[in-house]
Every structure is written in structure tokens, then in C-alpha cells.
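These notes are about the structure you will find just below.
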Amino acid sequence: MKIAIATVAFVTALLPATNALAEQWSCSFPNQRLDAWIRGQIMVSTDGTEATVFDSLINEAHAGPIGARVTANNDKRLTAKWTLKRIELRHGFAPRIDYTLTYLKDTGRANITATAPLLEDYNNADRAGGNFVASGSCKPR
């Protein structure tokens, strides 16, 4: 239910900014835990060099979509980057997490990385930082 409400909120937030050049994708990254640093479902909307991204972690931290930077958008790929700050989950805290999502348009495949230079992992106290990756796919919306 929360995901359905969040999806409706995301789409509603995008409507005023949507025009003929805007592109929207729904990206899925299977096997991600509900409380993971990378979530299983990410929505991306682009318009030129700007993007909007949304997932359940962003919803928890910001109660809606956030801006992202498009570093590549051509016939072959879309790459978007964004940063979340001061994220606390039940299993850890990250002062900053940098995300990079790359979608290969020909194949539909997508990869995402999340880098948290100063991650406090409550389950692994000796861990000084975190690098997380996931593979999945994106579909145009």
C-alpha cells in the first residue's frame, strides 16, 4: 500500500514538469531487502540534463522525489547521479550516500551503485565505509 501511495505521489509530482521531451522509467533491482541501501524499485524521470528520482528510501528521507544530475543521456545509455544525506536505517547510519544509476537503452539492463564513504554498520562495527551494487532492468513508463 505504501508503495502504491508513493508511486501515485511521484507521478503526481512529475505531471507539472512533464513535456514532450521528458522521459520516464521504472527500474527494478531484484533481491534487494526492503531496508537495503539500494531499493528494489526506482523511478526516474529526465528532461535534458536534469532528472528526478524516487524510491522508498528517498520517500522515507524526503517524503517525495528528489533532483538528480544526468551525466549521460544518448541513444545508448542514461546515467543519473544523486546524493542522500544523513540516512539512518535500523542496521546503520550513513552521513552521505552517492548513487549512480546507468540504464542501457538497447538491452533494458540497469546497474546501480551506492557509495557511503563513512558508513556505520551496526552489525559490523569494524566496517568503515560501504560500496553496494545491484543489477536489474528499466522499462519506459
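The values are calculated or read from the model by the stated rules, or taken from the named source; none is laboratory data. What you are looking at is a predicted structure, and each value in this text was computed from that prediction instead of being measured. Cβ: placed from backbone, ideal geometry, glycine included. Neighbour counts: every protein chain shown.
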Quiz prompt | Residues located in segment 101-112, provided they are more than 13 Å from residue 36 (Cβ to Cβ) and either under 11 Å from the mean Cα position of the chain (by Cα) or hydroxyl-bearing (Ser, Thr, Tyr) (or both) | solution = 101, 102, 103, 107, 111
Practice problem: Consider only pairs whose beta carbons are under 6 Å apart and that are at least six residues apart or on different chains; among these, list those whose first residue lies in segment 78-90 and is more than 29 Å from residue 48 (Cα to Cα) and whose second residue is at pLDDT below 95. | Solution: 89/35
Quiz prompt | Given (1) outside any strand (DSSP E or B); (2) touching a residue at least 60 places away in the same chain (Cβ under 8 Å), index of the condition residue 39 fails | solution = (2)
Quiz item: Looking at segment 3-22, is at least one residue at pLDDT 95 or above, farther than 17 Å from residue 133 by Cα and of a type in the set (S, T, N, Q)?
Solution: no
Quiz item: List, please: which pairs have Cβ atoms under 6 Å, are six or more places apart or on different chains, and start with a residue in segment 104-124 that is in a loop (DSSP other than H, G, I, E, B) and surrounded by fewer than 16 Cβ atoms within 10 Å (Cβ to Cβ) and end with one that is at pLDDT 95 or above and polar (S, T, N, Q)?
Solution: 108/137
Quiz item: Is one or more of the residues making up segment 49-67 closer than 12 Å to residue 103 by Cα, β-branched (Val, Ile, Thr), over 9 Å from the mean Cα position of the chain (by Cα) and modelled with pLDDT of 95 or more?
Solution: no
Quiz item: If you check residue 136 against the conditions, is it crowded, with 16+ Cβ neighbours inside 10 Å, in contact with a Ser or Thr (Cβ under 6 Å, 6 or more places away or on another chain) and within 17 Å of residue 40 (Cα to Cα)?
Solution: yes
